Amino acid sequence: SSKRCILQFGQLLQVLGGRFFVRPIGSTCSLQAPVALLVDGHYLAWRCWYSQGRRLAEDRHRNADGLVNARDAFFRTLEQVGSATKPDITAIAFDSLGPTFRHKLSATYKGNRNYKAGGFDVYMKGLQDELTASHAVPIFQASGFEGDDVLGSLAKFIVKKGGRVRILTGDQDLFQLVDDELDVACLYVPSRGWSGSPVLMRSMDVKAQMKVAPSKVVDLKALAGDSSDNISGVKGIGLVTAARLLEDFESLDDIYSSLSTVSQ
């Protein structure tokens with residue numbers, strides 16, 4: 001891993017080759033602005049592994065087939081989405097190689113996941129090594145942070161430079177980045193029932209699926225919890241109740257400051 005090319009955020013402009021321009025303050029995004037495709041590498045790798053390689057790899061006699069199938073699915077998805085999106089630049093973010101700051105906050109964070117099971121860790125390393133060797137797509141990682149954090153930072157950086165952003169992911173946490181005015185959208189890969197074509201998620205699509213606006217997704221998860229990350233929310237509150245509370249109150253802070261008036 002020490003040989004892997006891990007780029008710093010400040011190097012992105014150099015990678016882009018100067019194709020982005022500084023957005024004037026207060027202006028909206030031009031339809032002519034360049035498009036950056038940001039890929040949630042860890043999620044896509046896991047999704048391809050789960051659907052294509054995991055079952056084969058669990059059989060030690062067919063482990064090689066599982067690795068190849070999952071690898072092919074990963075690169076095939078990148079090619080298909082790239083062909084449909086036609087981005088000016090593509091970048092992939094992966095999780096930190098070690099624990100993140102969230103693991104330090106909670107010892108049970110993502111305790112329900114075992115990335116070494118069935119050879120996923122071997123498959124992941126192979127993907128990253130191949131991407132690094134090809135020099136086709138820059139890889140971004142930051143020690144102590146997840147790929148989601150990196151994607152958020154990259155999206156903010158690109159928007160400030162005047163670009164449009166498309167984020168390929170299946171993680172609803174990233175819906176918080178969707179912004180119609182700045183032309184930041186998610187290309188959502190559902191965990192189930194995926195046909196191979198990601199769903200473009202704008203603000204109204206996030207609201208339809210999550211029942212809250214993108215700006216309230218963080219508070220929604222804080223209230224209802226997130227079983228995929230092994231995060232418990234407020235006892236007795238699920239997604240429906242959390243969404244209703246956030247319709248009545250502006251934020252999680254407002255809810256807690258008004259507990260005496262919150263209806264049962």
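The values are calculated or read from the model by the stated rules, or taken from the named source; none is laboratory data. Predicted model, so just to flag it, every value in this text is computed and none were measured. Heads up, the Cβs are rebuilt from the backbone with ideal geometry, glycines too, and the neighbour counts pull from every protein chain shown. The accessibility values were calculated without ligands, DNA or RNA, using every heavy atom of the protein model including side chains. Shrake-Rupley method; radii C 1.70, N 1.55, O 1.52, S 1.80 Å.
A Cβ distance below 6 Å, combined with a sequence gap of six or more or placement on separate chains, defines the contacts here; from region 133-144, residues that are modelled with pLDDT under 85 reach residues that are part of a loop (DSSP other than H, G, I, E, B) in the pairs Pro138/Leu7; Gln141/Ile6; Gln141/Phe94; Ser143/Ser96; Gly144/Ser96; Gly144/Thr100.
Of the residues making up region 188-202, those that are open to solvent by 30 Å² or more (accessible area, probe 1.4 Å) and among the small types (Gly, Ala, Ser) are Ser191, Gly193, Ser195, Ser197. Consider region 139-188 and keep the residues that are assigned to a loop (DSSP other than H, G, I, E, B) and among the polar types (S, T, N, Q). The one that is farthest from Thr85 (Cα to Cα) is Ser143.
Identify, please: which residue in region 196-231 is assigned to a loop (DSSP other than H, G, I, E, B) and within 21 Å of Ala84 (Cβ to Cβ) and is, among those, modelled with the lowest pLDDT?
Filtering region 196-231 for residues that are assigned to a loop (DSSP other than H, G, I, E, B) and within 21 Å of Ala84 (Cβ to Cβ), the one modelled with the lowest pLDDT comes out as Gly196.
Do you know which residues across region 156-167 are closer than 11 Å to Val39 by Cα and either out of contact with any Cys (no Cβ under 8 Å at 6 or more places or on another chain) or open to solvent by 10 Å² or more (accessible area, probe 1.4 Å) (or both)?
Initially, region 156-167 is screened for residues closer than 11 Å to Val39 by Cα, giving 165-167.
Selection gives Val165, Arg166.
Results for (1) of a type in the set (A, V, I, L, M, F, W, C); (2) open to solvent by 50 Å² or more (accessible area, probe 1.4 Å), shown as yes or no for each residue.
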site	(1), (2)
Lys125	no, yes
Ala133	yes, yes
Val150	yes, no
Gly170	no, no
Asp179	no, yes
Cys186	yes, no
Met210	yes, no
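The set of residues in region 246-262 that are open to solvent by less than 40 Å² (accessible area, probe 1.4 Å), farther than 13 Å from Met210 by Cα and in a helix (DSSP H, G or I) comprises Leu252, Ile255.
Inclusion of Arg23 among residues that are at pLDDT below 85, surrounded by 14 or more Cβ atoms within 10 Å (Cβ to Cβ) and outside any helix (DSSP H, G or I) is warranted.
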